[in-house]
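Following: one structure in structure tokens, then a few remarks.
The values are calculated or read from the model by the stated rules, or taken from the named source; none is laboratory data. From a predicted model like this one, the values you see are computed outputs, not experimental measurements. Every residue, glycine among them, receives a Cβ derived from its backbone with ideal geometry; neighbour counts consider all protein chains shown.
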């Protein structure tokens, strides 16, 4: 557990946020959970899961709506990793009906385009929510009759349920099995997600949350159950906090080591990369500041100025609202479920996670969230750089010194600048806790002497035997956390 934040403290934060968020006041039943390093550490609820009683808990089943898209994307990746399709295959090569859909002039729409919401299909909420029970045959006829496109593929983000329904049909055509069977058998079963289903009739009545539409005057109107069909791939799953903690935990754990997820660690990481930009917004609340949002594979990816990377997806459907989000750098995640149409579960989930991450001391600019070890050559170059700063090296050969170094800053000029540094701070030593490696080819760290401190930045070449291609030394003014005064040795 990271210093400053244990499960009990995090649970108190979540309880406070989910009970005080005004946007959730009209939601009949709310359930939420905290996940840390792959484990469910807290689950709670309030209100009614069903008419007249029953506070929702970790085992209450809600429709999770568009959170299903992450399952569809994972199924595609599972088939890709098995060599049964490529992400850059045209959709029509696996789903012939898509070839007649009527795309605008431009490149053929690929599987990757649909995964990243770049296929050019128009946004289709809330129409798509009402198409779930459409049969595969009827969906193919819809495509064959032609659908409308708003732009050529690969030119802009546009959220499309129909695109994900098409991915569901691709999964069926490639695997030779129904989409529903493939997801439940190949993804949910290996993770022990025994309460996750597509058909609400498979859930015992006492465990199934009733979905409501909030009518005029606050009256609750129960939404009827909907049978699964071709549009299930965009929003058909029902699940619990307990099951979703396994799903979220596996994605979050993929950043730090092997996971139990049937999709490989590196494919899970790929799904959490920003593949298509959505936009830049100003976030409110505990982590207020600018945030760039994009779409990966069935997941939103945010690069937050305060928190760093956050991965998420919401779900909205007649009768239900849901949200999951996690912070790879700290391993914390939040899942939130509500039983009202398009319940804004993301508001409380976002604030709770931000407070927990900030309280844990795990927030960090936009740096990669995963610690990486340096190459051995990078570590050797750091030692050489320190000897240069101390004035103990009169010349370096090409073994660690790339030719561009002397072209960028002549050797004599470099030595003179470093001498000025020594005169100001003395003979510095490395501050071990200051060392950071954004990649194995990079290093930044601090050296401190009797008279002050310097910050070093090192960059290695991409050669088979890497050499130093960049070395910057910045003299720190006063507190080491203050911005560095441009010093002495820069490429």
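Here are some notes:
- Subset of region 119-144 [part of a loop (DSSP other than H, G, I, E, B) and either closer than 14 Å to residue 233 by Cα or in contact with a helix residue (DSSP H, G or I) (Cβ under 8 Å, 6 or more places away or on another chain) (or both)]: 119, 120, 121, 124, 125, 132, 133, 134, 135
- Count - residues of region 139-158 that are buried (at least 16 other Cβ atoms within 10 Å of the Cβ) and either free of Cβ contacts under 8 Å to residues at least 60 places away in the same chain or not assigned by TED's automatic domain parsing to the domain that holds residue 106 (or both): 10
- Exactly one residue out of 88, 105, 57 is touching a strand residue (DSSP E or B) at 6+ places or on another chain (Cβ under 7 Å), touching a residue at least 40 places away in the same chain (Cβ under 8 Å) and part of a loop (DSSP other than H, G, I, E, B), and it is 57.
- Residue match in region 235-250 (condition: at pLDDT below 95 and in contact with a helix residue (DSSP H, G or I) (Cβ under 9 Å, 6 or more places away or on another chain)): no
- The lone criterion from (1) modelled with pLDDT of 95 or more; (2) touching a strand residue (DSSP E or B) at 6+ places or on another chain (Cβ under 6 Å); (3) buried (at least 20 other Cβ atoms within 10 Å of the Cβ) left unmet by residue 46 is number (3).
Per-residue answers, yes or no, for (1) touching a residue at least 24 places away in the same chain (Cβ under 8 Å); (2) part of a helix (DSSP H, G or I); (3) surrounded by fewer than 19 Cβ atoms within 10 Å (Cβ to Cβ):
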residue: 280; (1), (2), (3): no, no, yes
residue: 290; (1), (2), (3): no, no, yes
residue: 303; (1), (2), (3): yes, no, yes
residue: 311; (1), (2), (3): yes, no, no
residue: 315; (1), (2), (3): yes, no, no
residue: 326; (1), (2), (3): yes, no, no
residue: 335; (1), (2), (3): yes, no, no
residue: 349; (1), (2), (3): yes, yes, no
residue: 356; (1), (2), (3): yes, yes, no
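- Each residue in region 1-25 was checked for being more than 17 Å from residue 334 (Cα to Cα) and either modelled with pLDDT of 95 or more or not in a loop (DSSP other than H, G, I, E, B) (or both), and 3 of them qualify.
- Within region 256-294, the set of residues being farther than 30 Å from residue 153 by Cβ and out of contact with any strand residue (DSSP E or B) (no Cβ under 7 Å at 6 or more places or on another chain) comprises 256, 257, 258, 259, 260, 284, 285, 286, 288.
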